[in-house]
1. From 192, 162, which residue is farther than 30 Å from residue 114 by Cβ and among the aromatic types (Phe, Trp, Tyr)?
2. Under 6 Å by Cβ, and 6 or more places apart or on different chains, what pairs join a residue from the range 116-139 that is under 11 Å from residue 152 (Cβ atoms) with one that is in a loop (DSSP other than H, G, I, E, B) and basic (Lys, Arg)?
3. Which one of these is among the polar types (S, T, N, Q) and touching a Phe, Trp or Tyr at 6+ places or on another chain (Cβ under 6 Å): 107, 62, 135, 127?
4. Within the range 114-128, which residues are within 19 Å of the chain's Cα centre (by Cα) and surrounded by fewer than 19 Cβ atoms within 10 Å (Cβ to Cβ)?
5. Does residue 336 qualify as being in a loop (DSSP other than H, G, I, E, B) and either among the hydroxyl-bearing types (Ser, Thr, Tyr) or not assigned by TED's automatic domain parsing to the domain that holds residue 195 (or both)?
6. Collect the residues in the range 311-326 that are part of a helix (DSSP H, G or I) and surrounded by 13 or more Cβ atoms within 10 Å (Cβ to Cβ), keeping them in residue-number order.
7. Which helices (runs of 4 or more DSSP H) sit wholly inside the range 216-274 and have at least 1 residues that are among the small types (Gly, Ala, Ser)?
Amino acid sequence: MYVNSIVMQRPRLGRGSGFLRKLARKVKSISTGLTKVEAGFWVYSPLSMPVHHVEWLRPANTQILSAQISFICHRLGIRNPIVWVACPAACDVAVSMRRSRLVYQRTDRMEEFPNVDKDVIRRYDATLKGAADVTIFVNTAVYEQERHECRRALYLDHGVDFELFASARRDGTVPDEITDVSHPIVGFHGAFGVHTTDIPFIEKLVDRLPEMSFVFVGPVVPECRPLFDKRNVRMLGQKPYDRIPQYGKCFDVAIMPWCQNQWIEACNPVKLKEYLALGKPIVSTPFPELQKYADIVYQATTVEQFAGCIRRALSEDGPERIARRVERVRSASWDSKAKIVMDELFHGTRD
């Protein structure tokens, strides 16, 4: 059972229509209740209040959540589960549950997420690292800094749905929305976030390369509005995950123009491996985890450098480079990552 999702941010009433849209999405999610995705796999959207920053309301919220999760577990016959926590806001519910194992996934520095109570999230993080049978890190620097705080710590890089992305290159179909987009296409897939994606940087980059088309696939934030008005930009919005490779294969260059902040310092974006599985040349702003791929990824810190790297990537690309990128992630399947976790949980193996 996947629990989707426990509210962590404070409500931002001042955002007007943005807040109302987010509230509507949450209400719709909660109203779906328990959904069967496939045999043996369920998704449950509980009622959760955004009150982690309110000391006297947190216990009530925990009780409400615990009661819902316990009821659904009983209904599904889940009696002694492996509890996997990816959101620190689930801390109090998770540590109180009857379980066989507790896994804490320290994927990001959630205390750096916009509009959260940093002190509360840090306390949740410390509690989970102390209670979890294993804490999984995807960022080497964070792993080295925090491993001593954990009962057991494991560095485990992200996987990739290799076949889904690699096989798209052999499919000659092109999505209707971009059949009329002229090449070269500079592309990005994924959600825009003001704490992750450097939107002003992208605006300047688009203006600096007017002869190129920019295609963005994924949900956007209001701050993206100026991009919609640019002649050489196509904003396609969110697409089903299994359709993403069909768009990505049309990119001539894939980009990762990140903000420079503590969130990005601790990141390890899955899309890096997805771009590589597609064989695409990648231009990115630098971040620590990227340095493991410095030999096959172009890096730039200014708009001028970034534009130059895109031109260079286009001129240098060829079958040998494509094959090298694909081969780099061929063995990084999610199945292989799952096996490492299961071995760690039940056999205590180490690299």
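1. Numbers: 192 fails: farther than 30 Å from residue 114 by Cβ.
From the options 192, 162, the qualifying one is 162.
2. 134/152
3. On the way: 107 fails: touching a Phe, Trp or Tyr at 6+ places or on another chain (Cβ under 6 Å); 62 fails: touching a Phe, Trp or Tyr at 6+ places or on another chain (Cβ under 6 Å); 127 fails: touching a Phe, Trp or Tyr at 6+ places or on another chain (Cβ under 6 Å).
The conditions single out 135.
4. As a first pass, look at the range 114-128 and keep what is within 19 Å of the chain's Cα centre (by Cα): 114-116, 121, 125.
Once the filter is applied, which keeps residues that are within 19 Å of the chain's Cα centre (by Cα) and surrounded by fewer than 19 Cβ atoms within 10 Å (Cβ to Cβ), the range 114-128 yields 114, 115.
5. Values: in a loop (DSSP other than H, G, I, E, B): no; either among the hydroxyl-bearing types (Ser, Thr, Tyr) or not assigned by TED's automatic domain parsing to the domain that holds residue 195 (or both): yes.
Taking the combined requirement at face value, the residue does not satisfy it.
6. Looking only at the range 311-326, we keep the residues that are part of a helix (DSSP H, G or I), and these are 311-316, 319-326.
If the condition is that a residue be part of a helix (DSSP H, G or I) and surrounded by 13 or more Cβ atoms within 10 Å (Cβ to Cβ), then 311, 312, 313, 314, 321, 322, 324, 325, 326 are the ones that fit.
7. Working: elements: 225-228, 244-248, 262-265.
Here the list reads 244-248.
Quick grid of which residues meet (1) at negative phi; (2) assigned to a loop (DSSP other than H, G, I, E, B); (3) outside the structural domain of residue 249 (by TED's automatic domain parsing):
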| residue | (1), (2), (3) |
| --- | --- |
| 94 | yes, no, yes |
| 120 | yes, no, yes |
| 127 | yes, no, yes |
| 135 | yes, no, yes |
| 145 | yes, no, yes |
| 167 | yes, no, no |
| 174 | yes, yes, no |
| 191 | yes, yes, no |
| 206 | yes, no, no |
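The values are calculated or read from the model by the stated rules, or taken from the named source; none is laboratory data. Keep in mind it's a predicted model, so treat the numbers as computed, not measured. Note that we place each Cβ from the backbone using ideal geometry, even for glycine, and neighbour counts take in every protein chain shown.
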